[in-house]
Amino acid sequence: QVQVVESGGGLVQPGGSLRPSCAASGNIVSINDMGWYRPAPGKERELVATVTRGGVTNYADSVKARFTISRDNAKNTVSLQMNSLKPEDTAVYYCHAWIRQLYTYTHRERWGQGTLVTVSS
C-alpha cells in the first residue's frame, strides 16, 4: 500500500514563511513528477509547483519568485519553501505524485490528505 502524507502547514503572518513537506511510502519502485496543488475558483485544484525526477521545476505565476519546490529522490520526499506569504495563499495544500508500485508496470497518481496553510495577521 502506498501512502502520501503531508506535514508542516500552519498559521503565519503576512510576509512570513512556511515549509510544508510530503513523504511517500510503501512498496514504491519509482516516482515521476511530484508537486503541490491547492483549490482555486472554478477548478477543483490548481497547480502551485511541480518538480520532475530530474529536478526540472514549474511554478504557477502567482507564486514564482516566492515559492521553491525541492525533492529528495532517495527519501521519496518533496518540500515547498513558501516565502513572502500573502493572505491569498491561504488554502489546503495537497501533495501529488506519480508513483509506480511494486509488481505494477505503470505510474499512478496519488494524492495526500492536504495540509492547511493560513496566512493572517
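The values are calculated or read from the model by the stated rules, or taken from the named source; none is laboratory data. Everything quoted here is computed from the prediction, not taken from an experiment. Cβ coordinates were reconstructed from backbone atoms using ideal geometry, including for glycine residues, and neighbour counts include every protein chain displayed. Heads up: the accessible areas ignore ligands, DNA and RNA and are worked out on the full protein's heavy atoms, side chains in. Shrake-Rupley method; radii C 1.70, N 1.55, O 1.52, S 1.80 Å.
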- Among the residues of segment 107-121 satisfying the criterion of being out of contact with any Gly (no Cβ under 9 Å at 6 or more places or on another chain) and of a type in the set (Ser, Thr, Tyr), which is farthest from Ser30 (Cα to Cα)? Ser121
- Item | Unmet requirement for Val119, which otherwise passes all of (1) farther than 15 Å from Glu6 by Cβ; (2) modelled with pLDDT of 95 or more; (3) open to solvent by 20 Å² or more (accessible area, probe 1.4 Å) | (3)
- Task: Please list, ordered by first then second residue, the pairs with beta carbon atoms under 6 Å, 6 or more apart or interchain, first in segment 82-107 and more than 20 Å from Tyr37 (Cβ to Cβ), second assigned to a strand (DSSP E or B) and not acidic (Asp, Glu).
- Result: Arg100/Val29; Arg100/Ser30; Leu102/Val29
- Considering only residues of segment 81-106 that are surrounded by 14 or more Cβ atoms within 10 Å (Cβ to Cβ) and of a type in the set (A, V, I, L, M, F, W, C), which is nearest to Gly26 (Cα to Cα)? Ile99
- Check every one of the strands (runs of 3 or more DSSP E) wholly within segment 1-80 and list those with 3 or more residues that are open to solvent by 60 Å² or more (accessible area, probe 1.4 Å) and of a type in the set (D, E, K, R). 43-51
- Which pairs do you get when a residue that is within 29 Å of Leu102 (Cα to Cα), found in segment 1-13, comes within reach of a residue that is open to solvent by 40 Å² or more (accessible area, probe 1.4 Å) and not in a strand (DSSP E or B), reach meaning Cβ atoms under 8 angstrom, with the pair 6+ apart or on two chains? Gln1/Gly26; Gln1/Asn27; Val2/Gly26; Val2/Asn27; Gln3/Gly26; Val5/Gln113; Glu6/Gln113; Gly8/Arg19
- Reported set for segment 107-116 where residues are open to solvent by 40 Å² or more (accessible area, probe 1.4 Å) and either within 16 Å of Val78 (Cα to Cα) or among the basic types (Lys, Arg) (or both) is Arg108, Glu109, Arg110, Trp111, Gln113
